[in-house]
Amino acid sequence: MKPYVRLHMISSIDGRIDSCRWTGDVKGYEYFVKEYETIHETFGAASWIVGRTTMQEFTSSPAVAFDKTAPLPRETYNAAPDKSTFAVVIDPSGKLTWSTNEVNGDGVIEVLSDRVSDGYLHHLRDVGISYIFGGRESIDIPLVLRELKEVFGVENLLVEGGGILNGSFLAAGAIDEISLLIAPIADGQGGIPVTFDFRGQASPASYFELMDVEKRERGLIWLRYRVNHRS
């Protein structure tokens, strides 16, 4: 039991995903970003998941004093049972602070590890933010997906993370479909994040079945793949 998981990304020809570097042609950059968001919307009322660094762009809350220390159980907490779409963030140590429980109208769900402090859990509850525990040290992707489906009713999930988050989902065999926009740009800079960058134990290469290719304006190509989970 898990949501249908679709990876949605935009990259340069050489697989780099730091689109902030693509500002040489400002109009082109703006078009690429707009097309990415437009396609995002075509997937309907899907919830989405990103890593902590990406989500940092959506929260500018100042540092919070976690002065509540009463122990809280390490179990899933649903702060917004009336919500149907969610902005999910992988934040194992609980580093993000919040002044709202929504991002663009979607209810926030924090994915934490067991080592997070009780003070941080009280902060999330005070703001009205839901949370899931994904494991003691590392995050168990299949466990998180089951909780999203069974507790929060998430049927469709867009993965829009950095390379490490994307790579973790791929290595876990959790991706059903890939939506990839290729911009007519060669980044060429070493050390720039790439679409998939899993750093755990080596796993077999993943294979994809091409579903569709669409040429869009300004040389942008939209590729869609169905994931073939055979090794």
Self-check item: Normalised contact order of segment 65-159, rounded percent, pairs of Cα under 8 Å and 6 or more residues apart
Solution: 33 percent
Practice problem: Treating the Cα atoms of segment 175-231 as identical point scatterers in vacuum, please give the log10 of the normalised Debye intensity I(q)/I(0) at q = 0.20 Å⁻¹, two decimals. | Solution: -0.96
Quiz prompt | For the chain: lysine pairs under 22 Å (alpha-carbon distance), excluding those fewer than 8 apart on one chain | solution = 6
Practice problem: Beta carbons within 10 angstrom, averaged per residue: use that to sort the peptides 192-201, 34-43, 65-74, highest first. | Solution: 192-201, 34-43, 65-74
Practice problem: Would you please give the FRET efficiency between residue 199 and residue 100, computed as 1/(1 + (r/R0)^6) with r the Cβ-Cβ distance and R0 = 41 Å, to the nearest 0.05? | Solution: 0.80
Exercise. Leaving out ligands and nucleic acids, note down the accessible area per residue over the chain with a 1.4 angstrom probe, in whole Å².
Key: 50 Å²
Quiz item: Got a sec? Which residues in segment 166-187 would a label at residue 14 touch, if it sits 7 Å along Cα→Cβ and we count backbone N under 19 Å?
Solution: 181-187
Quiz item: Expressed as a rounded percentage, what relative contact order does the chain have, with Cα pairs under 8 Å and six or more residues apart?
Solution: 29 percent
Quiz item: When you count, for each residue, the other Cβ atoms within 10 Å and take the mean per peptide, how do 159-166, 204-211, 16-23 rank with the highest first?
Solution: 159-166, 16-23, 204-211
Quiz prompt | Share of carbon and sulfur in the accessible heavy-atom surface of segment 147-231 [1.4 Å probe, %] | solution = 48 percent
Practice problem: Two decimals is fine: what is log10 I(q)/I(0) at q = 0.10, 0.20 Å⁻¹ for segment 1-148, from a Debye sum with one equal scatterer on every Cα and no solvent? | Solution: -0.40, -1.29
Quiz item: How far apart, in nm, are the 7 Å Cα→Cβ label points at residue 207 and residue 176?
Solution: 2.1 nm
Practice problem: Kindly state, to the nearest 0.05, the FRET efficiency for residue 156 paired with residue 67, given R0 = 45 Å and r defined as their beta-carbon distance. | Solution: 0.70
Quiz item: Taking Rh as the Kirkwood radius, which is the inverse of the mean 1/r over Cα pairs, what is the Rg/Rh value for segment 69-147?
Solution: 0.93
Quiz item: So what is log10(I(q)/I(0)) for segment 73-231 at q = 0.10 1/Å, when the Debye sum runs over its Cα atoms only?
Solution: -0.45
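The values are calculated or read from the model by the stated rules, or taken from the named source; none is laboratory data. Being a predicted model, the structure only gives us computed values, none of them experimental. Positions of Cβ are backbone-derived with ideal geometry, glycine not excepted, and every protein chain shown enters the neighbour counts. These accessible areas exclude ligands, DNA and RNA; they are computed on the full protein's heavy atoms, side chains included. Shrake-Rupley method; radii C 1.70, N 1.55, O 1.52, S 1.80 Å.
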